[in-house]
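Notes follow the structure.
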Amino acid sequence: MLSRRRFALGAAAMIAPGVLSSRHASAASPQIETPLPIPRLIDTEKSGRAVKLRIAAGRHAFVHGKPAATYGYSAPVLGPVIRVRKGDSLMMAVDNALDCDTTVHWHGLHVPGDVDGGPHQVIKPGGSWHPVLEINQPASTAWFHPHPHHDTARQLYTGLTGMIIIDDGSDARLDLPRSYGVDDLPIILQDRSFASDGALLYAADPLATAYGSRGDIIIVNGAIAPVATVPRGPVRLRLLDAANARNFYLRFGDGRGFHVIASDGGFLAAPVAVTRLTISPGERFEILVDFSNGKAVTLETGPDEEMGLFGGPGAQGGSEHVPVMRFEPGATPIAATALPLRLAEPAVADPGKSARRRRFILDSSMCTGEPREAQADHGRIMCINGKPHDMDRIDEQVKLGTTEIWEIFSVGMAHPFHIHGASFRVLGLGGTAPPAHLAGWKDVVLVEDKAELLVAFQQPATARHPFMYHCHIAEHEQAGMMGQYVCM
Ligand code: C2O
Ligand code: CU
Ligand code: CU
């Protein structure tokens, strides 16, 4: 197996000299002044269980005064945050006003394959889709994004991302910050490159396919280097990495610690104190940050280790961190509530009960499978177990209601591995037990070398609407690093 660092050097040598300097020039330190945009909240308790989403082209000025052509869900860019309660059944009405096929995948919702919104559930231009989503899962932060065959990466990059907050009563019971937009903030992390007129530049070159497409400017909720005014007390951030490919290596500028309270699938057993947090595409973490000292602070990210010199912001300085956004606490201190000692009782991860074991090798450096349609993506195909994705092939058959151990191996570089329709516990990462903040329920995990997962299959999917599993680097998924499973 090629070590990923050696692979990075090998590919770096192939780049024309001009590329690095032009990227360097546009990565100047951003001025932090735009207020953090807070996506519109659709709270189904107030607005009812029928939720409309209109997918359409729009215009949004990422760069001040220079609007770019974008896509959004009932918004010029991004989409609403939909807040639902456990036990709700949501009647979605999704209209596609784009001039291309799309799908809407509810990433993190535990729903059957026929409403999951994967690549088989195409909404044609002018068409609509009316899935009913039965919400029956613990409190968590999920999201939605496009998943059309061979067009996910571009559509995601152009702006299609929304968030879903599931409430099961724990927030009130645990007295956690829960005022949306005040002390409970969605933080959607992405990166983009811009032309001089402010238009979005999507790099669709072989390098972008090989590593995934990274922009040289970081955006949060669609804004470059925004500032959030927060209460002078504990604040909950719902972090979502919705970048095509970038991992964020987060820390606060003053080195302050913070607590991770939830991962993809919901609350951790107890808050986990950290000073740094890595988040990869598709992952969510909820964190509690204490602003009671009243001092403004930046959230920073480090260079993307998966890209070496070409990692964009922060990459040129080696270990240099760059600002992502700033927090400015208000003047009046908020009475601090005690951090709960226990958050949830996650079911014990008992590998002894698993029905069987499967292995998946994610390979971005070579592929022995037949080059089929995936060749369209710049002649590069990417595989799982030697086979590029095939819409007409069911790769795995899983028995509904069972748990299995899935072993994931990454070749070429670290791949954020995601499974639709199921949550998992990480049993091992690179041969050791996972750190505490990765020990809860998840649906994406960054696999550097190998990972061992205990996957709980509780949602059905048939061959007509199978579930996907894939690398969440959008360009890798699109180049073929995806498989399909049925669950019956
Ligand atoms: Cu975020 Cu196939 O999913
Ligand atoms: Cu998903
Ligand atoms: Cu990948």
* Identify all residues within the range 109-137 that are outside any loop (DSSP other than H, G, I, E, B) and over 30 Å from Thr209 (Cα atoms); write none if there are none. => Ser128, Trp129, Val132, Leu133, Glu134
* To do: Please list, ordered by first then second residue, the pairs with beta carbon atoms under 9 Å, 6 or more apart or interchain, first in the range 269-280 and open to solvent by less than 20 Å² (accessible area, probe 1.4 Å), second among the β-branched types (Val, Ile, Thr) and assigned to a strand (DSSP E or B).
  => Leu277/Val260; Leu277/Ile287; Ser280/Val444; Ser280/Val445
* Specify which of the listed residues (Pro206, Pro186, Pro148) is within 16 Å of ligand 3 (Cβ to nearest atom) and either crowded, with 20+ Cβ neighbours inside 10 Å or at negative phi (or both). => Pro206
* Among the residues of the range 457-469, is there at least one that is in contact (Cβ under 8 Å) with a residue 12 or more places away in the chain and more than 22 Å from Asp116 (Cα to Cα)? -> no
* Unmet requirement for Gly266, which otherwise passes all of (1) open to solvent by 30 Å² or more (accessible area, probe 1.4 Å); (2) farther than 20 Å from Val220 by Cα; (3) in contact with a Phe, Trp or Tyr (Cβ under 6 Å, 6 or more places away or on another chain) -> (1)
* Structure fact -> Checked the range 138-152 for anything within 16 Å of ligand 1 (Cβ to nearest atom) and in a loop (DSSP other than H, G, I, E, B); matches are Pro146, His147, Pro148, His149, His150, Asp151
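Yes or no, residue by residue, for (1) free of Cβ contacts under 8 Å to residues at least 24 places away in the same chain; (2) among the β-branched types (Val, Ile, Thr); (3) open to solvent by 40 Å² or more (accessible area, probe 1.4 Å); (4) over 19 Å from Glu45 (Cβ atoms):
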residue	(1), (2), (3), (4)
Phe62	no, no, no, yes
Lys86	no, no, yes, no
Val94	no, yes, no, yes
Ala97	no, no, yes, yes
Thr102	no, yes, no, yes
* Asked: If only one of Ala479, Ala474, Ala436 is under 28 Å from Phe248 (Cβ atoms), buried (at least 23 other Cβ atoms within 10 Å of the Cβ) and modelled with pLDDT of 95 or more, which one is it?
  -> Ala474
* Can you name the condition, by its number, that Ala451 falls short on among (1) crowded, with 23+ Cβ neighbours inside 10 Å; (2) within 16 Å of ligand 3 (Cβ to nearest atom); (3) touching a residue at least 60 places away in the same chain (Cβ under 8 Å); (4) not in a loop (DSSP other than H, G, I, E, B)? -> (3)
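Yes or no, residue by residue, for (1) aliphatic (A, V, I, L, M); (2) more than 15 Å from ligand 2 (Cβ to nearest atom):
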| residue | (1), (2) |
| --- | --- |
| Thr402 | no, yes |
| Ile405 | yes, yes |
| Phe417 | no, no |
| Ala461 | yes, no |
| Arg464 | no, yes |
| Val486 | yes, yes |
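Considering only the range 341-383, state which residues are outside any loop (DSSP other than H, G, I, E, B) and modelled with pLDDT of 70 or more.
Answer for the range 341-383, where residues must be outside any loop (DSSP other than H, G, I, E, B) and modelled with pLDDT of 70 or more: Pro351, Gly352, Lys353, Arg356, Arg357, Arg358, Arg359, Phe360, Ile361, Leu362, Asp363, Cys383.
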* Asked: Thr158 versus (1) hydroxyl-bearing (Ser, Thr, Tyr); (2) at pLDDT 95 or above; (3) within 16 Å of ligand 3 (Cβ to nearest atom): which is the lone unmet condition?
  -> (3)
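The values are calculated or read from the model by the stated rules, or taken from the named source; none is laboratory data. All values derive from a computational prediction rather than experimental measurement. Cβ sites come from the backbone with ideal geometry, for glycine too, and all protein chains shown count toward neighbours. The accessibility values were calculated without ligands, DNA or RNA, using every heavy atom of the protein model including side chains. Shrake-Rupley method; radii C 1.70, N 1.55, O 1.52, S 1.80 Å.
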